[in-house]
1. Within the stretch 80-94, can one find any residue that is out of contact with any strand residue (DSSP E or B) (no Cβ under 9 Å at 6 or more places or on another chain) and either on the phi > 0 side of the Ramachandran plot or touching a residue at least 24 places away in the same chain (Cβ under 8 Å) (or both)?
2. Of all residues in the stretch 62-85, how many are at pLDDT 90 or above and more than 18 Å from the chain's Cα centre (by Cα)?
3. Please go through the stretch 37-65 and pick out each residue that is touching a strand residue (DSSP E or B) at 6+ places or on another chain (Cβ under 9 Å) and over 24 Å from residue 10 (Cβ atoms).
4. Quick one: residue 7 ticks every box in (1) in contact with a helix residue (DSSP H, G or I) (Cβ under 6 Å, 6 or more places away or on another chain); (2) modelled with pLDDT of 85 or more except a single one, so which number is it?
5. Take the conditions farther than 30 Å from residue 16 by Cβ, surrounded by 10 or more Cβ atoms within 10 Å (Cβ to Cβ) and at pLDDT below 85 and apply them to residue 107. Does it pass?
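The values are calculated or read from the model by the stated rules, or taken from the named source; none is laboratory data. Because the structure is predicted, anything quoted here is derived from the model rather than measured. All Cβ positions, even for glycine, are placed from backbone atoms using ideal geometry, and neighbour counts span all protein chains on display.
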C-alpha cells in the first residue's frame, strides 16, 4: 500500500489543479523566485519560503510530488488495464471498418451514385 507523507495528497492535488499554480511550480523548478501569495502551494508543502525583510524568496520542494506520484503509480495498474481494453476494442473496430470499406470494393455509402453525383 502507499505510505502517506506529512503533506496530505488532497492539498498537493488541489494546489496543482490550478494552471497558474502549476506555472509557478514550473518556474520554481528552474530557480528560486521572488513571488507574492503562495499559500496553497505552501500548505501543500510544495514551496519553501525564506523571508528577508519584505522580500519573500520561494523555492520548490518536490518531496510532496513524489508522494503524489507514488499514489498514482499504485492505481496505474487499474487505469492501464482499462486503457488496454479500450485500445483493443478501438483497434478491432478500425480493422473491421477498413475490411468493410476496402474488402468488398463497394462504396461505403450505398445510397450514393457517384456516376450521377446525386443521392438515390
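1. No, the stretch 80-94 contains no residue that is out of contact with any strand residue (DSSP E or B) (no Cβ under 9 Å at 6 or more places or on another chain) and either on the phi > 0 side of the Ramachandran plot or touching a residue at least 24 places away in the same chain (Cβ under 8 Å) (or both).
2. So the count comes out to 1.
3. 50, 51, 55, 56, 57, listed by residue number.
4. The single condition residue 7 does not satisfy is (2).
5. Yes: the conditions hold for residue 107.
Residues checked against (1) under 19 Å from the mean Cα position of the chain (by Cα); (2) over 16 Å from residue 65 (Cα atoms); (3) assigned to a helix (DSSP H, G or I):
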{"site": "13", "(1), (2), (3)": "yes, no, yes"}
{"site": "21", "(1), (2), (3)": "yes, no, yes"}
{"site": "24", "(1), (2), (3)": "yes, no, yes"}
{"site": "29", "(1), (2), (3)": "yes, no, yes"}
{"site": "42", "(1), (2), (3)": "no, no, yes"}
{"site": "45", "(1), (2), (3)": "no, no, no"}
{"site": "50", "(1), (2), (3)": "no, yes, no"}
